[in-house]
Amino acid sequence: MSNPTVGVLALQGGVAEHVRMLGQLGAQTVLVRRPEELKQLDALVLPGGESSTIDRLTRIFGLRGPLIEAIRGGLPVLGTCAGLIMLSSHIDDPAPGQQSLAVLDVGVSRNAFGSQVASTEATLDWMGSASRSVRAAFIRAPIVTALGEGVRTLARHEDEVVAVRQGNILGISFHPELTGDTTVHEELLEITL
Ligand code: GLN
């Protein structure tokens, strides 16, 4: 698809960086804050931020059900960091009352790589459609602690699983949009082809 339309969930978190990166790759972007903005999308990004806040806002804005329906219906989606937590089917250490969309069959631990101060950058081997390296920024990053059947590991960091794919769903615990590495966004756009 030469000119896909990609939504970026824009309730909280690192929205602008994804918009910029998708623009560099030739995609049109739509900021998603209402259910009707999910229509006509070729793909969707759930950005990083604070997953318990994004969870609360999706429910307040009436987006929780429509998001689950769109993703289950096959919409290609990339969740980064808090976005991965939103996609997961189980959160080991949720905030009080926190829910996830439960569309990606993984368990996650929310702050496994430590506090904000412990944030780090690393170069990872990317085992997606292209085998290459990806420059990743980790910020209060989650890790994948349980993998369901049919979930493929796409990257590891310090032996922990930090990127997965299950069908139309990509979930990564790091921020490529902060290092400028387009590998993962290219992989998302390939799913739309
Ligand atoms: N650990 C954070 C959370 O629970 C995610 C951090 C991030 O998105 N950079 O939402």
Can you tell me how many residues in the stretch 67-105 are open to solvent by less than 40 Å² (accessible area, probe 1.4 Å) and either near the ligand (Cβ under 10 Å from one of its atoms) or outside any loop (DSSP other than H, G, I, E, B) (or both)?
20
If you go through the stretch 91-106 one residue at a time, how many are touching a Gly at 6+ places or on another chain (Cβ under 7 Å) and of a type in the set (A, V, I, L, M, F, W, C)?
2
Glu160 meets each of (1) open to solvent by 20 Å² or more (accessible area, probe 1.4 Å); (2) modelled with pLDDT under 95; (3) closer than 21 Å to Val15 by Cα; (4) of a type in the set (Asp, Glu) with one exception, condition (3)
Condition first: more than 17 Å from Leu87 (Cβ to Cβ) and surrounded by fewer than 24 Cβ atoms within 10 Å (Cβ to Cβ). Can you find one or more residues in the stretch 165-177 that meet it?
no
Out of all the residues in the stretch 116-130, is one or more free of Cβ contacts under 8 Å to residues at least 40 places away in the same chain, over 19 Å from His185 (Cβ atoms) and open to solvent by less than 50 Å² (accessible area, probe 1.4 Å)?
yes
Qualifying positions in the stretch 35-54 - near the ligand (Cβ under 9 Å from one of its atoms) and open to solvent by less than 20 Å² (accessible area, probe 1.4 Å)
Pro47, Gly48, Ser51, Ile54
Mind listing whichever residues of the stretch 15-50 are in a loop (DSSP other than H, G, I, E, B) and modelled with pLDDT of 95 or more?
Leu25, Gly26, Ala27, Arg33, Arg34, Leu41, Asp42, Pro47, Gly48, Gly49, Glu50
Just checking, how many residues over the stretch 106-153 are touching a strand residue (DSSP E or B) at 6+ places or on another chain (Cβ under 8 Å), in a loop (DSSP other than H, G, I, E, B) and within 12 Å of the ligand (Cβ to nearest atom)?
7
From the list Val108, Val134, which residue is surrounded by 19 or more Cβ atoms within 10 Å (Cβ to Cβ), within 17 Å of the chain's Cα centre (by Cα), modelled with pLDDT of 95 or more and under 17 Å from Gly48 (Cα atoms)?
Val108
Please go through the stretch 55-66 and give me each residue that is touching a residue at least 40 places away in the same chain (Cβ under 8 Å), in contact with a helix residue (DSSP H, G or I) (Cβ under 7 Å, 6 or more places away or on another chain) and either open to solvent by 40 Å² or more (accessible area, probe 1.4 Å) or not in a helix (DSSP H, G or I) (or both), ordered by number.
Leu63
Among (1) among the charged types (D, E, K, R); (2) within 16 Å of the ligand (Cβ to nearest atom); (3) assigned to a helix (DSSP H, G or I), there is one condition Glu186 misses while meeting the rest; what is its number?
(2)
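The values are calculated or read from the model by the stated rules, or taken from the named source; none is laboratory data. Quantities reported herein were computed from a predicted structural model and do not represent experimental measurements. No Cβ is skipped: glycine too gets one built from the backbone with ideal geometry, and neighbour counts run over all protein chains shown. Just so you know, the surface numbers come from the protein's heavy atoms only, side chains and all, with ligands and any DNA or RNA stripped out. Shrake-Rupley method; radii C 1.70, N 1.55, O 1.52, S 1.80 Å.
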